[in-house]
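A short worksheet on the structure shown next.
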Amino acid sequence: MTKKSQDKTNRQKVIIDEILHESDRGCILVGASALEELLEELLKSAFSSNAHIIKYAIQPLFKAMGALSSFSAKAKLAYSLGLIEKWCFSDLEKIRKIRNAAAHEYFSKSFESPEITKITQTLKGIDHAVKSMNDKLFDSSIKQKDNEMSVERARFILTVYYIVGTLERSHKECRESQILQHMGVSQPKKPA
């Protein structure tokens, strides 16, 4: 899944299609990876669009060993800049913990693993997703290979789905803000 090959307007569907066909561990790793990539794009859109600044100040922040090379640092900065809400930051931190549990052990983790279940049961994105969903959003495409999905896996996937949309909306707002700024149009501050 490369940035150039994805149609950004269809990214939510691409991500969901990808994680639906993965094992539990793959679902966790791909979902977290997609969210981290979107966080990076969001942060970059909030920074200066000056080519020199991007090349010499912004890009190095995201490289290996850079201040923003980790999922955690990206989530914390996005939250501290007001680019994401508290529930989103909290869920990103929980997804990062789930990812770490799945990635850093040699035996396979699943959504039935007690440590993962304990975290997925506290995700808030699922509540936001259910409130905003219409009947056709997840029609027949939410079936897993064997047509059954655990409740915790579904909670995780719906949370990832909703956060992807949230990050993409924030990214769009940042880009529009920069365009207006370049045009010299002043913008009212968002209420805290």
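Computed from the coordinates by the stated procedures, all read-outs in this text should not be read as laboratory data. Since this is a predicted model, take the numbers as computed values, not measurements. In this analysis, Cβ positions are derived from the backbone assuming ideal geometry, glycine residues included, and neighbour counts consider all displayed protein chains.
Pairs K13/K118; K13/K44; K44/K97; K74/K172; K13/K172: which are spaced more than 20 Å apart, C-alpha to C-alpha?
Violating the 20 Å Cα-Cα cut-off are K13/K118; K13/K44; K44/K97.
Step through the residues of the stretch 41-48 one at a time and calculate ³J(HN,Hα) from phi using the Karplus curve (6.51 cos²θ - 1.76 cosθ + 1.60, θ = phi - 60°), rounding each to whole Hz and writing x for Gly and Pro.
Karplus values, whole Hz, x for Gly and Pro: 4, 4, 4, 4, 6, 7, 8, 4.
Need the full-extension length gain, F47 to K76, defined as separation in residues times 0.36 nm minus the C-alpha distance. One decimal, nm.
Going from the current span to full extension adds 8.9 nm.
In whole percent, what relative contact order does the stretch 13-182 give with Cα contacts below 8 Å and a gap of six or more residues?
On the way: 156 pairs, mean separation 55.8, N = 170.
Once divided by the residue count of the stretch 13-182, the mean separation gives 33 percent.
Between V14 and S177, what is the label-to-label distance in nm when each label sits 7 Å out along the Cα-to-Cβ direction?
Each label point is offset 7 Å from its Cα along the Cβ direction, giving 2.5 nm.
For the stretch 105-128 and the stretch 6-51, write down the distance between their C-alpha centroids in whole Å.
Here the answer is 19 Å between Cα centres.
Taking the simple approach of a point 7 Å from Cα along Cα-to-Cβ for both T117 and Y56, what is their distance in nm?
It is 5.6 nm.
Return I16, I95 ranked ascending by Cβ neighbour count within 10 Å, so the fewest neighbours appear first.
I16, I95
For the pair V151 and K86, how long in nm is the line joining their label points, each one 7 Å along Cα→Cβ?
With each label placed 7 Å out from Cα toward Cβ, I get 2.7 nm.
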